[in-house]
Amino acid sequence: MTHMTHAAPQQGGIEIAFGDGTSHVFTHDWLRDHCTCASCHHPETRQRLVDTFALPAGLQASAIELGAGGDRLGITWSDGHESSFMARELAATLSPVCHPTSDITTWNEAEISADFPQVSFDAMMQGDGGLEACLDRLERFGFCFVEGTPATPEGTQAVATRIAYIRETIFGGYWDFTANLQHKDTAYTSLAIGPHTDGTYAFDAPGYQMLHVLAFEGEGGENVFVDGFRIAEIMRRDTPELYRVLTEVEVPGQYIDLDRGIHLMARRPLFRLDSAGRLVQVSFNNHDRAPFALEPRRQALFSAAYATFARHANDPALQYRRRLAPGSLALFDNWRLLHARDAYSGVRRLAGAYLNKEDVESRLRVLRARRLEMAAA
């Protein structure tokens, strides 16, 4: 459990040392602005009530008290206001809470086959522990199979709604189809589909996807999963110039279905980084790439980088291959994993849905907090 070992006044703030050996100076204005007392922070809605811009200038801490065990810090301010802070809450403000990367384990075929992420349908549906285990694996490896899922529309949708609400797109919410070209997308055929991520034509691409084969009578159709974050690691190490190009050049994607009055377009780098340079999203779909041109030298460099990425994505040593079967539902991170499918013959009925990135992360965050609260009780 996070705790504080030391709290001392510094010029303009308070230095706090944590049990893991790290320390940080929180400024006076920051601490006062983040007070969580009932007059500054609504206890029910958990929204801020403090008027940041009406706080007196030059507030100082007139008294500092570190609680027993170092779990709480009390501050009395120069205007008489009192604030209290939990150690875990202060420590959390120093972490990348929106898109955590510390628990990620990238993988190749051999590594994921030796430590395959899966949970049972019953465990996932019956308690928080099974659901948290599924989402833990999803965060760490980028995917998790839910085994024993009933091969029905109801069973498939139950997995999705156990986590979050189903995202609506141009394909609807929950989908269930055979190779019928119901939509103008290669996924609605029996043709082979190369490694890709979905929604490169959407400003906010679907965060997670689930696929479940409800019935299959035929040959072929093996599914492929590739860890795009592992490819990024390889390129950053072996071809740093090409990696850098893929973090800079915005690649346009598009989806066109003029019969329905649809022409979607969006653009972003293949490797999208956050402000600290951390990789947060892989976005690659050569089927949906829209035409665009760069100046000649930049174009040559981009083409080499794009081809290098594709070569890694098609490397069998980096691919986990498995033909999806009724009862084995694949849940995966569409911002991280590429997926593909071999051509097939016969009749294949596929069901699935999208979930928003923030909704899945929210579910896992709440499950973890609930478990910690129960452990502390």
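Scanning the stretch 122-173 for residues that are among the β-branched types (V, I, T) and either surrounded by fewer than 19 Cβ atoms within 10 Å (Cβ to Cβ) or in a helix (DSSP H, G or I) (or both) returns T152, T156, V159, T161, I163, T169, I170. Of the strands (runs of 3 or more DSSP E) lying entirely inside the stretch 1-90, the ones with 2 or more residues being closer than 29 Å to R371 by Cβ are found at 4-10, 13-18, 23-27, 72-77, 82-86. The set of residues from the stretch 328-367 being in contact with a helix residue (DSSP H, G or I) (Cβ under 7 Å, 6 or more places away or on another chain) and among the basic types (K, R) comprises R336, R363.
Candidates are the residues of the stretch 222-237 that are part of a helix (DSSP H, G or I) and either among the aromatic types (F, W, Y) or in contact (Cβ under 8 Å) with a residue 40 or more places away in the chain (or both); the one that is farthest from W107 (Cα to Cα) is M235. Among the residues of the stretch 178-194, are any out of contact with any strand residue (DSSP E or B) (no Cβ under 6 Å at 6 or more places or on another chain), assigned by TED's automatic domain parsing to the domain that holds V347 and not in a loop (DSSP other than H, G, I, E, B)? Yes: one or more hits. Counting the residues of the stretch 333-360 that are farther than 18 Å from F171 by Cα and hydrophobic (A, V, I, L, M, F, W, C) gives 7. On the basis of being acidic (D, E), more than 34 Å from the chain's Cα centre (by Cα) and at pLDDT below 95, does D20 make the cut? No. Condition check: among the aromatic types (F, W, Y) and in a strand (DSSP E or B). Does Y354 satisfy that? Taking the combined requirement at face value, the residue satisfies it.
Could you list, in sequence order, all residues of the stretch 198-219 that are within 15 Å of A266 (Cβ to Cβ) and in contact with a Gly (Cβ under 9 Å, 6 or more places away or on another chain)? Of everything in the stretch 198-219, those that are within 15 Å of A266 (Cβ to Cβ) and in contact with a Gly (Cβ under 9 Å, 6 or more places away or on another chain) turn out to be G199, T200, Y201, A202, A205, P206. Within the option set S328, S283, S303, S275, being under 30 Å from L242 (Cβ atoms) and buried (at least 16 other Cβ atoms within 10 Å of the Cβ) holds for one residue only, S283. Highlighted here are the strands (runs of 3 or more DSSP E) found entirely within the stretch 238-338 that include at least 3 residues which are touching a Lys or Arg at 6+ places or on another chain (Cβ under 7 Å) and modelled with pLDDT of 95 or more: 250-257, 279-282. The residues listed here are A307, A276, A300; of these, the one that is in the same structural domain as T197 (by TED's automatic domain parsing) and touching a residue at least 40 places away in the same chain (Cβ under 8 Å) is A276. Based on this model, can you work out whether Y344 counts as surrounded by fewer than 21 Cβ atoms within 10 Å (Cβ to Cβ) and either touching an Asp or Glu at 6+ places or on another chain (Cβ under 7 Å) or closer than 22 Å to C144 by Cβ (or both)? It is true that Y344 is surrounded by fewer than 21 Cβ atoms within 10 Å (Cβ to Cβ) and either touching an Asp or Glu at 6+ places or on another chain (Cβ under 7 Å) or closer than 22 Å to C144 by Cβ (or both).
Being exposed (fewer than 11 other Cβ atoms within 10 Å of the Cβ), touching a residue at least 40 places away in the same chain (Cβ under 8 Å) and within 23 Å of A276 (Cβ to Cβ) is the requirement here; does T22 meet it?
Yes, satisfied.
The values are calculated or read from the model by the stated rules, or taken from the named source; none is laboratory data. None of these values were measured; they are calculated from a predicted model. Here the Cβ is made from the backbone with ideal geometry for all residues, glycine too, and neighbour counts use every protein chain on show.
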